[in-house]
Structure formats: C-alpha cells, structure tokens
Amino acid sequence: MSKPTMTMNAFVIAIKQFDEAAKILKLTENQVAMIKEPRRMTEVSLPVRMDDGSIRIFKGYRCQHSIARGPAKGGIRFHPNVTADEVRALAFWMTYKCAVVGVPFGGGKGGVVVDPRELSTNELERLARRYIAEMADLFGPDMDVPAPDVGTNAQIMAWMMDTYSMHYKNFLPAAITGKPLNLCGSEGRKKSTSQGLVYCVREMIQHEHVGKDLKNAKVAIQGFGNVGSYAGEILNRMGASIVAISDADGGFYNEKGINMKTALEYVEKSPTKTLKDFEKVCKVGKYDDQMKVLEEEVDILIPAALEAQITQENADRIKAKVIAEGANGPTTPEADEILYQKGVHIIPDILANAGGVTVSYLEWVQNRMGYYWDEETVNRDLERIMVKAFHDVMSTAKEYRVKMRTAAFIVAIERVRSVAEIRGLYA
Ligand code: NAD
C-alpha cells in the first residue's frame with residue numbers, strides 16, 4: 001500500500017475538508033476556534049517485556065479531539081505507520097462522524113507504532129495493557145471510550161477493559177467498546193461498520209438511480225479485514241457480485257464473482273489470517289499490483305484499508321459509479337474533486353463507516369443499563385440511525401449544491417458548533 005506523502009498527510013486532508021464546509025457555513029473565527037483544534041494530544045513511551053526477556057519501547061498516542069457533545073470516542077490502531085498527525089486526523093473525523101449520526105459522543109483516537117503481526121499473543125497482551133495503564137486517567141465511560149481499529153480486535157479490547165477495571169478495582173465495561181460478546185459486548189457489533197455501510201449503499205442506489213439495484217451489482221473491495229470482509233459478505237447475501245478483493249498480501253479478481261463465504265473461511269483458516277495464496281485454492285486471478293482492485297469495472301467500490309489510497313494519480317482510472325468509504329480518509333481532496341467532476345457518487349467516510357461507532361454507542365448504553373438487546377433490536381436501531389443520517393446528508397448536499405462529503409461536514413459542524421456555543425467557555 002502506498003504510504004501517504006506529505007501532500008496526502010491525513011491531518012492536512014481533514015483540515016481541508018473542515019475548512020470547505022466552514023466556509024460555506026460562514027463560521028466566524030471564534031466559532032472555528034471553538035471546534036477545530038484537538039483538545040488534548042498525549043504521547044507516551046510504552047516499555048514492554050518481550051518473550052526473550054528484552055524490553056522494547058513502543059510509541060503510543062491518544063488524541064481527544066472534542067468532548068463538546070459527549071465523551072471522546074474512537075478506536076485504537078496498532079500499525080507500523082501510525083503517526084501523531086494520523087491519530088489527530090482520525091480523532092478529528094470521529095468528532096464529526098459521531099455528530100453526523102447524532103450519537104452523543106465527541107471524538108478521539110489512539111494509536112501505537114507497532115506491527116501486531118510481529119508480536120506473540122503474550123507480547124500483544126502486555127502492550128495493550130501497558131497502553132491503557134499508562135493513560136488510565138484519560139479514559140473512562142464519561143471521559144474517553146476507546147474501541148478497536150486497524151490491528152486491534154475484541155480480545156485486545158477485553159485485555160484493555162480488564163486493565164482499566166483492575167486499575168480502579170471495579171467492573172467497568174462501559175470504559176471500552178467493541179468487547180467480546182460474552183464480556184458485555186453488543187450483539188451486532190462485529191459487523192456493525194459493514195452493516196451500516198451497506199445501509200448507506202442501499203439508500204444511495206435507490207436514491208440516485210445508479211442504474212442497478214443491489215442485486216447483481218458488481219462490487220470491488222480494497223481491504224479484507226473487519227470492514228471489507230463483512231461488507232462483502234452482507235452484499236453477497238443481498239445478491240451483489242463481489243468481483244475483486246484485496247488485502248495487504250495481494251489482490252484477486254473473478255468477473256463472475258468471488259464467493260464471500262469461501263473467502264472469509266479461507267482467511268479464518270489461513271495461518272497469516274490474510275488472503276495470501278488465495279489463488280491457489282479458489283478460481284481467481286491475481287493482480288500483479290493489488291492497487292488495481294480500485295480500478296475494476298464495477299458499480300460499487302469499497303475502499304476499506306487505510307487512508308490516501310485514491311489519489312490524483314489513480315482517480316481518473318476509477319470506473320465505479322458509487323464509492324462507499326469503509327476506510328477513514330481513503331480519498332485525497334484532489335481525487336475527491338476529480339471523482340465529483342466525473343459524477344461518481346461518494347458516500348463519505350464520516351457517514352459510510354459510522355455504523356461501528358453507532359453500535360459502540362448502543363454497547364455503551366447497554367453496559368450502563370446492565371440490560372442487553374438481541375441482534376434484531378440492535379440492527380433495527382442501527383438501520384434507523386444510518387438511514388436518517390444518510391438522508392440528512394443527502395438533503396443538505398442538495399440544499400447547498402455540494403458534494404456529499406462537504407454536506408456531511410456541514411451537518412456535523414453545525415451540530416458541534418451549536419453545542420459548543422450553548423456550553424460556552426469554562427473559566
Ligand atoms: P483491519 O485491520 O481488520 O483490516 C484492514 C485490511 O486492510 C486488512 O485486510 C489489511 O490486509 C488490508 N490492507 C493493508 N494494506 C493493504 C493494501 N496495500 N491493499 C489492500 N488491502 C490492504 O481493519 P478494519 O477494522 O477493517 O479497518 C479498515 C479501515 O476502516 C480503517 O481505515 C479503519 O480506520 C476504518 N474503520 C474501521 C471501523 C471498524 O469498526 N473496524 C470503523 C470505522 C472505520
């Protein structure tokens with residue numbers, strides 16, 4: 001995957017998106033000052049004892065961008081390319097993502113510079129526990145609530161929740177979301193981001209008469225982790241044909257469609273938990289460069305890997321009619337403009353992938369009540385929230401004659417701004 005260059009720096013992208021919407025809203029300098037900058041950025045060194053007895057220091061971050069509308073909320077990423085700016089950008093997007101779907105949270109994000117695949121399970125556990133222990137005073141159900149992101153999962157959230165609970169000698173499940181189901185997790189959480197994304201795709205296709213219904217639509221997916229794989233599975237079940245998929249270990253295509261159940265089972269069983277060597281067991285072609293998945297002749301493209309994948313270099317070659325951004329920040333502003341001019345309908349990240357934080361909110365609510373809902377109830381709420389958010393953004397895009405991304409920021413900024421103003425400045 002191409003590493004973002006300075007011109008594609010995620011924080012620069014985030015600020016550009018904000019400024020575009022703020023200009024249309026004619027925000028004053030004071031209004032911008034109240035809501036644009038991250039509230040707190042913490043950087044820590046995390047010493048971890050490795051299995052061979054040596055001690056390795058990992059760099060860790062937590063950014064709380066905003067707590068205007070509620071506790072900071074956002075995942076923790078374990079990835080070798082994590083930087084302070086990336087964490088800031090992701091925290092920023094969380095503030096506006098929570099506002100777009102109307103869940104009562106602010107925005108936060110965390111990250112550790114590490115390739116989790118190089119660590120043993122025990123090393124990973126020690127790193128996860130140290131991360132929370134080091135910043136325990138920052139977190140809490142009413143302060144800042146982490147969740148999984150790239151490179152972290154429900155097991156890691158369980159270790160983190162345990163560390164936090166033991167630190168305060170209490171049982172505090174609402175401090176972390178995305179936990180395993182049998183440890184106060186929520187039904188529907190595992191697939192929530194993908195399910196939310198599919199609700200948006202369905203609404204977009206119905207609304208914009210993209211020329212196809214979901215049945216028989218052709219789909220390409222970049223990234224076959226939590227978001228990409230389940231989005232493929234749900235769309236496949238709804239009759240869509242997934243003709244191209246990729247992950248860090250390769251890209252694969254079959255114009256007749258790739259069976260998602262087979263692909264998911266393959267990843268589950270593979271020692272690397274990736275699509276490596278998938279072409280050896282399944283009737284698929286393998287791209288010489290997995291970035292080509294983005295350029296397939298499809299109706300729907302789902303970038304669900306990392307940021308800055310669709311750039312001014314490849315935007316012109318993209319043939320999809322709809323792009324649903326599973327990943328955060330997969331499209332650079334330059335590419336965004338090219339695609340807008342081409343008439344491509346982009347469902348922006350802060351809307352398209354908000355299903356995860358929406359069900360995180362429902363998990364947090366259940367943890368605080370101590371009463372748990374079934375999957376049907378959770379998905380009904382998720383659908384209601386996502387469909388409303390989609391139409392709030394769509395009608396704003398029409399009202400202001402702007403792209404959906406700008407419209408999503410207009411909706412979200414208005415919600416954050418109005419709350420920040422009502423609250424005013426403390427001291
Ligand atoms: P994940 O770690 O489960 O999966 C990431 C996938 O991207 C993996 O399959 C990985 O192999 C793949 N990838 C890495 N390099 C690649 C490359 N060069 N080409 C193709 N694929 C490549 O992470 P995830 O949770 O699925 O998150 C993916 C994106 O979605 C991230 O941007 C994340 O911030 C965003 N997101 C995730 C959630 C969630 O609930 N998990 C919610 C909102 C947004």
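Within region 341-364, the set of residues being farther than 20 Å from Gln222 by Cα and assigned to a helix (DSSP H, G or I) comprises Gln341, Val357, Thr358, Val359, Ser360, Tyr361, Leu362, Glu363, Trp364.
Against the criterion of being outside any loop (DSSP other than H, G, I, E, B), within 16 Å of the ligand (Cβ to nearest atom) and not basic (Lys, Arg), Ser165 does not qualify.
Against the conditions (1) of a type outside the set (D, E, K, R); (2) crowded, with 22+ Cβ neighbours inside 10 Å; (3) over 20 Å from Asn328 (Cα atoms), Asn216 satisfies every one except (2).
Selection of region 279-313 for residues being in contact with a Gly (Cβ under 7 Å, 6 or more places away or on another chain) and surrounded by 19 or more Cβ atoms within 10 Å (Cβ to Cβ) yields Gln290, Val293, Ile302, Pro303, Ala304, Ala305, Glu307, Ala308. Does Asn153 satisfy being within 16 Å of the ligand (Cβ to nearest atom), of a type outside the set (Asp, Glu), in contact (Cβ under 8 Å) with a residue 60 or more places away in the chain and farther than 25 Å from Ala407 by Cβ? Here the answer is yes, as Asn153 does meet what is asked.
Name the single residue, out of those in region 343-364 being surrounded by 15 or more Cβ atoms within 10 Å (Cβ to Cβ) and without any contact (Cβ under 8 Å) to a residue 60 or more places away in the chain, that is nearest to Met161 (Cα to Cα).
Of the residues in region 343-364, the ones surrounded by 15 or more Cβ atoms within 10 Å (Cβ to Cβ) are 344-364.
Restricting the remaining residues to those that are without any contact (Cβ under 8 Å) to a residue 60 or more places away in the chain gives 344, 346.
Working: Val344: 42, Ile346: 36 Å.
Per the criteria, the residue is Ile346.
Can you tell me which residue in region 274-318 is nearest to the ligand (Cβ to nearest atom), limited to those that are free of Cβ contacts under 8 Å to residues at least 60 places away in the same chain and under 20 Å from the mean Cα position of the chain (by Cα)? Looking at residues that are free of Cβ contacts under 8 Å to residues at least 60 places away in the same chain and under 20 Å from the mean Cα position of the chain (by Cα), I get Thr274.
Summed over region 238-247, residues that are out of contact with any helix residue (DSSP H, G or I) (no Cβ under 8 Å at 6 or more places or on another chain) and either away from the ligand (no atom under 16 Å from the Cβ) or within 18 Å of Pro330 (Cα to Cα) (or both) total 3. Just to be sure, is Arg117 crowded, with 18+ Cβ neighbours inside 10 Å and of a type outside the set (Phe, Trp, Tyr)? So Arg117 fails the test. Residues in region 151-169 that are over 17 Å from Met135 (Cα atoms) and surrounded by fewer than 24 Cβ atoms within 10 Å (Cβ to Cβ): Gly151, Asn153, Ala154, Gln155.
For region 365-380, the set of residues classified as in contact (Cβ under 8 Å) with a residue 60 or more places away in the chain and in a loop (DSSP other than H, G, I, E, B) consists of Tyr372, Trp373, Asp374, listed by residue number.
Between Asp144, Asp149, Asp162, the distinction of being touching a Leu at 6+ places or on another chain (Cβ under 6 Å) and not polar (S, T, N, Q) belongs to Asp144 only. Taken over region 191-235, the residue count meeting the criterion of being over 17 Å from Ala320 (Cα atoms) and away from the ligand (no atom under 12 Å from the Cβ) is 3.
For region 74-101, the set of residues classified as more than 12 Å from the chain's Cα centre (by Cα) and part of a strand (DSSP E or B) consists of Phe78, His79, listed by residue number.
Would you confirm whether or not region 257-266 contains a residue that is crowded, with 21+ Cβ neighbours inside 10 Å, within 12 Å of the ligand (Cβ to nearest atom) and on the phi < 0 side of the Ramachandran plot? Outline the logic, then answer.
Initial filter on region 257-266 (crowded, with 21+ Cβ neighbours inside 10 Å): 258, 260, 263.
Still in the running and within 12 Å of the ligand (Cβ to nearest atom): 263.
Filter once more, keeping what is on the phi < 0 side of the Ramachandran plot: 263.
There is at least one residue in region 257-266 that is crowded, with 21+ Cβ neighbours inside 10 Å, within 12 Å of the ligand (Cβ to nearest atom) and on the phi < 0 side of the Ramachandran plot.
Of the residues in region 314-330, not one is assigned to a helix (DSSP H, G or I), surrounded by fewer than 20 Cβ atoms within 10 Å (Cβ to Cβ), touching a Lys or Arg at 6+ places or on another chain (Cβ under 6 Å) and modelled with pLDDT of 95 or more.
The values are calculated or read from the model by the stated rules, or taken from the named source; none is laboratory data. It should be emphasised that the depicted structure is a prediction, and the values quoted were computed from it without experimental measurement. Quick reminder, even Gly has a Cβ in these numbers, built from the backbone with ideal geometry, and neighbours come from all protein chains shown.
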